[in-house]
Amino acid sequence: MIDVKQAVDWAVEAGELAMAQRGKVAVSTKLDGSLVTEADKAVEALLRSRIRDACPDHHIVGEEMGRRGNKGTAEYCWAIDPIDGTVNYASGLPHWGVSAGLLRNNIPVLGVVHLPEIRETYWAVERRGAHFNGKRCKVTANRRSHDEEIFIVPSYISEYSFSFPQKVRSFGSTAAHLCYVARGTCVGALLEGWSIWDVAAGLCILQESGAEVTDLHGIPRISLDGKAGGPLLACSPVYRRELIEGIRHGADRRG
């Protein structure tokens, strides 16, 4: 498998390209209503080039350029989000980054998330732990005061309600949300309407940090099939029951 240092170098290089183009590129709206910039496309092209050169037999799926190769028949597939948090990037906010995850038979086995503006780099490899800026990171293992507990949700969530004491926040980047749980900064994060490139890197980092990833009934989720997914909870094991019991989607779905 690819050396993770090489993958980190690609992400850092991609982040430098995005930083250099920030505020200088056109912004447009895609058919699904989301924003895209010329930097998104340039960064994805750079990452694809690096992956093709180093791993010619690996398939690639990316947010802006779709799929190269048939992922269904590939042992290894990269899922890349060139700029996760494009709205933040285009608006001058700092929480955005480069996300690259490697799947083996649909299971995340390597993940790199680089947030260049705030100088944070996260990476993980299967059975080698999760790392933040060169040091091991782990999900929070001990309960804290509720005043210090943060639960993260997507900015577009409106149909959910939360009946737990944790403070609910959104930073506008799925990759950053997952890394903050892995690092122990936040106790949990809700995912909704995700695509494979949103979560492939972050799920590997989460799993190697000791976090749990489940559906909203507590059933573990570790495999990705490339399709957009339903709600998932990423959290510290010590908070899982409390968070699951406190999340409601419209009418109580457990009723």
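The values are calculated or read from the model by the stated rules, or taken from the named source; none is laboratory data. Nothing here was measured: the structure is a model prediction, and the numbers come from that model. Heads up, the Cβs are rebuilt from the backbone with ideal geometry, glycines too, and the neighbour counts pull from every protein chain shown.
Here ALA201, ALA182, ALA234 are screened, and the one residue that is part of a strand (DSSP E or B), closer than 25 Å to TRP96 by Cβ and either within 16 Å of the chain's Cα centre (by Cα) or of a type in the set (D, E, K, R) (or both) is ALA234. Hey, ILE152 hits all of (1) more than 19 Å from GLU192 (Cα to Cα); (2) touching a helix residue (DSSP H, G or I) at 6+ places or on another chain (Cβ under 8 Å); (3) among the hydrophobic types (A, V, I, L, M, F, W, C) but one; which does it fall short on? The failed condition is (1).
Give the number of residues within region 32-49 that are surrounded by 22 or more Cβ atoms within 10 Å (Cβ to Cβ) and either modelled with pLDDT of 95 or more or in the same structural domain as ALA200 (by TED's automatic domain parsing) (or both). Please lay out each step first, then the result.
First, pick out the residues of region 32-49 that are surrounded by 22 or more Cβ atoms within 10 Å (Cβ to Cβ): 37, 39-40, 43-44, 47.
Remaining after also requiring either modelled with pLDDT of 95 or more or in the same structural domain as ALA200 (by TED's automatic domain parsing) (or both): 43-44, 47.
So the answer is 3.
Listed conditions (1) under 18 Å from ASN88 (Cβ atoms); (2) exposed (fewer than 14 other Cβ atoms within 10 Å of the Cβ) are all met by ALA176, apart from (2).
Here the strands (runs of 3 or more DSSP E) wholly within region 50-151 that include at least 1 residues being surrounded by fewer than 16 Cβ atoms within 10 Å (Cβ to Cβ) and modelled with pLDDT under 90 are 66-68.
Could you identify the single residue in PHE132, PHE151 that is in contact with a strand residue (DSSP E or B) (Cβ under 7 Å, 6 or more places away or on another chain) and not assigned by TED's automatic domain parsing to the domain that holds VAL213?
Result: PHE132 is the single residue among PHE132, PHE151 that is in contact with a strand residue (DSSP E or B) (Cβ under 7 Å, 6 or more places away or on another chain) and not assigned by TED's automatic domain parsing to the domain that holds VAL213.
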